[in-house]
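Engineer: Questions regarding the structure given below will be posed in turn.
The values are calculated or read from the model by the stated rules, or taken from the named source; none is laboratory data. For clarity, every value in this text was computed on a predicted model and none was experimentally measured. Don't worry about glycine lacking a Cβ; one is built from the backbone with ideal geometry, like all the others, and counts go over all protein chains shown. Please note that ligands, DNA and RNA were not included when accessible areas were found on the heavy atoms of the full protein model with its side chains. Shrake-Rupley method; radii C 1.70, N 1.55, O 1.52, S 1.80 Å.
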Amino acid sequence: SNVWMGMYLNNFNNCIFEELDIYGNGLGVYATGNANGNLFLNCDFHDNYDPITNYENADGLNFENVPTGGYNTIRGCRFWQNSDDGLDLYGNDSFTLVENCWAWTNGFQEDSIAMGGDGNGFKLGGPSFWGDTDPRVLVRITNCISYGNTSWGYNENASVHNMEEYNNISYDNN
């Protein structure tokens, strides 16, 4: 089934998305394809719900299935009350820098009580392929805070690549 999105980005380069307020969608922003040199700066992704897919597709920002060779930055963004994950980097084979971001109370349905989808604050990967471990560092997350999510604050999601995590806080996540 289709998921309503606030914004769909495919094969985009050298774009700056600043001070967006993405809410009230099935999925906030879906970014995919060849992507390099992009910056999400001081954006808010919140209150996105998708009951049609049992709340499993309502991420705040879903930056996934990006092939190798890119370098993208998510800085100063906030992710809250999305019924799936705050930030989802599943299947992302390009480098992503995540810094100075917050993720809280993701994974709940609209009533803020019933469980929704996965409920990770930051889902930091997951393989685009299942095979040998990928030696590249594809995610660096620094100075971020994750709290009150129904699942993990930071989830490597069976990643086969390396990641770096510096000076982050995780509090009261399941």
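One line per residue, one yes/no per condition, for (1) closer than 14 Å to Trp80 by Cβ; (2) open to solvent by less than 20 Å² (accessible area, probe 1.4 Å); (3) at pLDDT 95 or above; (4) part of a loop (DSSP other than H, G, I, E, B):
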| residue | (1), (2), (3), (4) |
| --- | --- |
| Asn11 | no, no, yes, no |
| Tyr30 | no, no, yes, no |
| Phe45 | yes, yes, yes, no |
| Ala58 | yes, yes, yes, yes |
| Gly69 | no, no, no, yes |
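Engineer: In the stretch 71-90, which residues are surrounded by 19 or more Cβ atoms within 10 Å (Cβ to Cβ) and either over 10 Å from Phe122 (Cβ atoms) or among the basic types (Lys, Arg) (or both)?
Structural biologist: Answer for the stretch 71-90, where residues must be surrounded by 19 or more Cβ atoms within 10 Å (Cβ to Cβ) and either over 10 Å from Phe122 (Cβ atoms) or among the basic types (Lys, Arg) (or both): Asn72, Cys77, Trp80, Gln81, Asn82, Ser83, Asp84, Tyr90.
Engineer: Sticking with this one: Name the one entry in Glu99, Glu110 that is open to solvent by 10 Å² or more (accessible area, probe 1.4 Å) and either at pLDDT below 95 or farther than 22 Å from Phe17 by Cα (or both).
Structural biologist: From the options Glu99, Glu110, the qualifying one is Glu110.
Engineer: Could you tell me whether Gly24 is loosely packed, with under 15 Cβ neighbours inside 10 Å and closer than 19 Å to Glu99 by Cβ?
Structural biologist: Considered against the rule, which asks whether it is loosely packed, with under 15 Cβ neighbours inside 10 Å and closer than 19 Å to Glu99 by Cβ, Gly24 comes out as no.
Engineer: Looking only at the stretch 130-152, decide whether some residue is part of a loop (DSSP other than H, G, I, E, B), modelled with pLDDT under 95, surrounded by 15 or more Cβ atoms within 10 Å (Cβ to Cβ) and over 15 Å from the mean Cα position of the chain (by Cα).
Structural biologist: Checked against the condition, which is being part of a loop (DSSP other than H, G, I, E, B), modelled with pLDDT under 95, surrounded by 15 or more Cβ atoms within 10 Å (Cβ to Cβ) and over 15 Å from the mean Cα position of the chain (by Cα), the stretch 130-152 yields no hits at all.
Engineer: When only residues in the stretch 32-43 that are open to solvent by 20 Å² or more (accessible area, probe 1.4 Å) and assigned to a loop (DSSP other than H, G, I, E, B) count, which is nearest to Asp118 (Cα to Cα)?
Structural biologist: Restricting to residues being open to solvent by 20 Å² or more (accessible area, probe 1.4 Å) and assigned to a loop (DSSP other than H, G, I, E, B), the top hit is Asn42.
Engineer: Six or more apart or on different chains, Cβ atoms under 6 Å: show the pairs whose first residue is in the stretch 152-173 and touching a residue at least 12 places away in the same chain (Cβ under 8 Å) and within 16 Å of Phe95 (Cβ to Cβ) and whose second is assigned to a strand (DSSP E or B) and open to solvent by less than 40 Å² (accessible area, probe 1.4 Å).
Structural biologist: Val160/Asp134; His161/Asp134; His161/Leu138; Met163/Val139; Glu165/Ile141; Tyr166/Thr142
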